[in-house]
Amino acid sequence: MRTGGEHMSNPEDCELKGGASEESEIVHNDTGITRREFIIAGTATVAATMLPTLAYGQTPQQPKLVQPQMAKVALKVNGTSHELELDTRTTLLDALREHLRLTGSKKGCDQGQCGACTVIVNGRRINSCLTLAAMHQGDSVTTIEGLGTPDNLHPMQQAFVKCDGYQCGYCTAGQICSAVAMLNEIKAGIPSHAMADITAQPKLTGAELRERMSGNICRCGAYSNIAEAITEIAGRTV
Amino acid sequence: MKPFTFERATSGADAAAAAERHPGAKFVAGGTNLLDLMKLEIETPTHLIDVNSLGLDKIEKTPEGGLRIGALVRNTELAADENVRRDYGVLSQALVAGASGQLRNMATTAGNLLQRTRCPYFYDTNQPCNKRNPGTGCGAIGGYSRQHAVIGVSDACIATHPSDMAVAMRVLDATVETIRPDGSQRKIPIAEFHRLPGDKPHIDTVLMAGELITAVTLPKPIGGRQIYRKVRDRASFAFALVSVAAIVQRDGSGRVALGGVAHKPWRIEAAEAEMPNGAKAVVARLLAGAKPTNENAFKIKLVERALASVLAEAKGA
């Protein structure tokens, strides 16, 4: 059993908590600002209150100005074509979140270890933090926003809500994108480390599911419910 | 990340020539290791050459009865290939033992060979590291060295090569095919591809500036029971403490290569004469002259036990 005040057991609330719908720029309070704007405003306040202490020290060294290099890239994201001109350093994740405002995909570790940034590119799940947007010329990207909407959830999203496959929700978008693509990998016969015989056709056992989802970390430890949600969908499709 | 210019290459020869035109250029394919290192400014290319459109993504039979694996074949595709699973099972097993599903969908055959070490001192830019910053010393020697190399080490570096795939390719006698900026091509046996650290640990392979890997070829299948055994701190998504790639024939003869013990996949062909005499005899020759630290001396016993387990499994089947 999980503890903590943030945990809501009402399934209708889960829809708002899950990374699936996240805030989606939905205003949940009477101040008229979104959670995202609120956090940005808060950060600025903290920065401002820190400023006077700097005045006592020597003038801080000015960082060397860097000249960003730009590259053009055409991406199809959730069915919509986009022509972007980006700093070459922009990862696919940053392009999605900061340029296309698709904030469902999350930046967790930013080094390919946590899986919160998982999106589906040309049918395959990848870590969007470890790839440059410019490397995806002409590619077709599906994010959590493209799988389903709050009014029309993807079956995997429904299963996560039903089985309570999250607590804080930060890893959820990545878990769901990963799970959807993972079931297709099993269907396509892609082997895994959990198979005793590498030449066999894979089946979705508990051990297979855990091995194949090991690239998605849930810091709240909602694994048993995540596994339950995926198994429920796998029962219908594998 | 430092700024860099970016181009999409259209042929292997173009890519290699572009690398020569831009000193400080790097090729990028999957990017799963390079991007990580660029974010930390351990790698600071001034120009990136995207090689993903070169069409080097096919697995084909060779006239000699082997397989030619394009440099851009993703780890997932290689592990899933029907011929690889049937005839080179140790390679499939090694691939699926590495990384995560997402990373294997991005990582390429050539990129896997070119992974940098996962030594924590290499990654921590506050620490000395001869591999990252030649001449600054080695933090791992006398430091936290539980994961490090036990053989082939030098006073400058005790890092390991992190790849599972490369260990399987070493036991399969793979060949790395490349193209150079002048358009010439060469074939490098996998045994000679990765270097030992010596006094130049910042150089991982024998590739020259601008040289691009185009394929890896495998010789005709040799049959046998093929097993990849990886021992690590957790059951999935972790680098090897040690790993064993073995091909064992019915008469007990065979081959063995090790991961997690050296700066390169470790194989001593002469040690394989001991295969019928068991793991202890093999490891005595395979790891003769090992120089472990106090923290990683356990790896020698671990290799022996992992190999004993592999040989027992091979015999039982």
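Annotations for the structure displayed:
- One residue from B:SER236, B:SER184 being farther than 29 Å from B:PHE298 by Cβ and among the polar types (S, T, N, Q): B:SER184
- Considering A:SER192, A:SER105, A:SER140, A:SER128, the condition of being modelled with pLDDT of 95 or more, more than 19 Å from B:GLY30 (Cα to Cα) and not assigned by TED's automatic domain parsing to the domain that holds A:ILE226 is satisfied by A:SER105 alone.
- Among residues of the stretch A:92-115, those that are within 11 Å of another protein chain (Cβ to nearest Cβ) and assigned to a loop (DSSP other than H, G, I, E, B), counted: 7
- In summary, strands (runs of 3 or more DSSP E) completely within the stretch B:222-290 and bearing 3 or more residues that are basic (Lys, Arg) and closer than 30 Å to B:ARG104 by Cβ occur at B:225-231.
- If you go through the stretch A:131-145 and pick out every residue that is within 9 Å of chain B (Cβ to nearest Cβ) and within 13 Å of the chain's Cα centre (by Cα), you end up with 0.
- Tally of residues being touching a residue at least 60 places away in the same chain (Cβ under 8 Å), in a loop (DSSP other than H, G, I, E, B) and under 30 Å from B:LEU91 (Cβ atoms) across the stretch B:118-131: 2
- Selection count, the stretch B:19-39, where residues are surrounded by 16 or more Cβ atoms within 10 Å (Cβ to Cβ) and either assigned to a strand (DSSP E or B) or over 26 Å from the mean Cα position of the chain (by Cα) (or both): 5
- In the stretch B:32-41, the residues that are under 24 Å from B:ASN105 (Cα atoms) and not basic (Lys, Arg): B:THR32, B:ASN33, B:LEU34, B:LEU35, B:ASP36, B:LEU37, B:MET38, B:LEU40
- Among the residues listed as A:ARG89, A:ARG125, the single one being facing chain B (nearest Cβ under 8 Å), buried (at least 20 other Cβ atoms within 10 Å of the Cβ) and not in a loop (DSSP other than H, G, I, E, B): A:ARG125
- Inspection of the stretch A:167-182 identifies no residue that is more than 14 Å from every other protein chain (Cβ to nearest Cβ), modelled with pLDDT of 95 or more and assigned to a strand (DSSP E or B).
- B:ALA288 closer than 16 Å to B:GLN249 by Cβ and not hydroxyl-bearing (Ser, Thr, Tyr): no
- Subset of the stretch A:183-214 (residues that are part of a loop (DSSP other than H, G, I, E, B), out of contact with any helix residue (DSSP H, G or I) (no Cβ under 7 Å at 6 or more places or on another chain), surrounded by fewer than 19 Cβ atoms within 10 Å (Cβ to Cβ) and at the interface with another protein chain (Cβ under 10 Å from one of its Cβ atoms)): A:ALA188, A:ASP197, A:ALA200
- Unique match (being surrounded by 19 or more Cβ atoms within 10 Å (Cβ to Cβ) and more than 7 Å from chain A (Cβ to nearest Cβ)) among B:ILE49, B:ILE42: B:ILE49
- Leading residue by the ranking (nearest to B:LYS39 (Cα to Cα)) among those in the stretch A:76-100 that are of a type in the set (Asp, Glu) and free of Cβ contacts under 8 Å to residues at least 24 places away in the same chain: A:ASP87
- Boolean, A:GLY108 is under 13 Å from the mean Cα position of the chain (by Cα) and either among the small types (Gly, Ala, Ser) or closer than 24 Å to A:LEU92 by Cα (or both): yes
- Pick from the stretch B:91-101, criterion within 9 Å of another protein chain (Cβ to nearest Cβ) and part of a helix (DSSP H, G or I), ranking: farthest from B:GLY254 (Cα to Cα): B:GLY101
- Checking each residue in the stretch B:233-246 for being in contact with a strand residue (DSSP E or B) (Cβ under 8 Å, 6 or more places away or on another chain) and within 14 Å of chain A (Cβ to nearest Cβ) picks out B:ALA240, B:SER243, B:ALA245.
The values are calculated or read from the model by the stated rules, or taken from the named source; none is laboratory data. Everything numeric in this text was worked out from a predicted model, so none of it was measured. Cβ sites come from the backbone with ideal geometry, for glycine too, and all protein chains shown count toward neighbours.
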